[in-house]
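What follows is calculated from the coordinates using simple rules that are stated; it is not laboratory data. Every value quoted in this text rests on a predicted model; they were computed, and no experiment measured them. Counting neighbours? That spans all protein chains shown, and the Cβs are built from the backbone with ideal geometry, glycine included.
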Amino acid sequence: MRGDIIKYLSDEVKRRCEMSGKFFGIGGFYHIEAVVKNSELLADKYNADKEVVMIAAWLHDIASVTDYSLYEQHHLYGAEMANEI
Ligand SMILES: [Fe+2]
């Protein structure tokens, strides 16, 4: 597993959550961090590609933590942002 990608995504999600005026704030980061930890356990249990699962987990709410106005469609905007990242 390329830890540099995971570290980059963790840092990027945290940076976005810590920006001033964000609706979810650092709580968004803690939520995503918990999802990543659970996804890692589930990847082991189901013999999934752990790197792919963890990347998806880090990015799953990227639109919501970046711009709360995207919340209702965050699954769609998040996919676009994930592609850009
Ligand atoms: Fe989430």
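Checking each residue in the stretch 41-85 for being more than 15 Å from the ligand (Cβ to nearest atom) and among the hydrophobic types (A, V, I, L, M, F, W, C) picks out Leu41, Ala43, Ala48, Val52, Ile85. When Ile26, Ile55, Ile85 are checked against the criterion of being more than 21 Å from Arg2 (Cα to Cα) and not acidic (Asp, Glu), a single residue qualifies: Ile26.
In the stretch 21-51, how many residues are under 12 Å from the mean Cα position of the chain (by Cα) and among the aliphatic types (A, V, I, L, M)? Don't jump to the end; show me each part of the working.
The initial filter retains those residues of the stretch 21-51 that are under 12 Å from the mean Cα position of the chain (by Cα), namely 28-37, 39.
Adding the requirement that they be among the aliphatic types (A, V, I, L, M) leaves 32, 34-36.
Qualifying residue count for the region: 4.
From the residues in the stretch 2-23 that are hydrophobic (A, V, I, L, M, F, W, C) and surrounded by fewer than 18 Cβ atoms within 10 Å (Cβ to Cβ), which one is farthest from Glu84 (Cα to Cα)? Within the stretch 2-23, the match that is farthest from Glu84 (Cα to Cα) is Phe23.
May I ask you to verify whether Glu72 is surrounded by 12 or more Cβ atoms within 10 Å (Cβ to Cβ) and either part of a helix (DSSP H, G or I) or in contact with a strand residue (DSSP E or B) (Cβ under 9 Å, 6 or more places away or on another chain) (or both)?
Numbers: surrounded by 12 or more Cβ atoms within 10 Å (Cβ to Cβ): no; either part of a helix (DSSP H, G or I) or in contact with a strand residue (DSSP E or B) (Cβ under 9 Å, 6 or more places away or on another chain) (or both): yes.
Answer is no for this residue.
Here Asn38 passes the criteria (1) within 14 Å of the ligand (Cβ to nearest atom); (2) outside any helix (DSSP H, G or I); (3) not hydroxyl-bearing (Ser, Thr, Tyr) except the one numbered (2).
In this structure, does Met19 turn out to be within 15 Å of the ligand (Cβ to nearest atom) and either free of Cβ contacts under 8 Å to residues at least 12 places away in the same chain or touching a Ser or Thr at 6+ places or on another chain (Cβ under 7 Å) (or both)? Walk me through it before giving the result.
Working: within 15 Å of the ligand (Cβ to nearest atom): no; either free of Cβ contacts under 8 Å to residues at least 12 places away in the same chain or touching a Ser or Thr at 6+ places or on another chain (Cβ under 7 Å) (or both): yes.
Judged against the criteria, Met19 is not a match.
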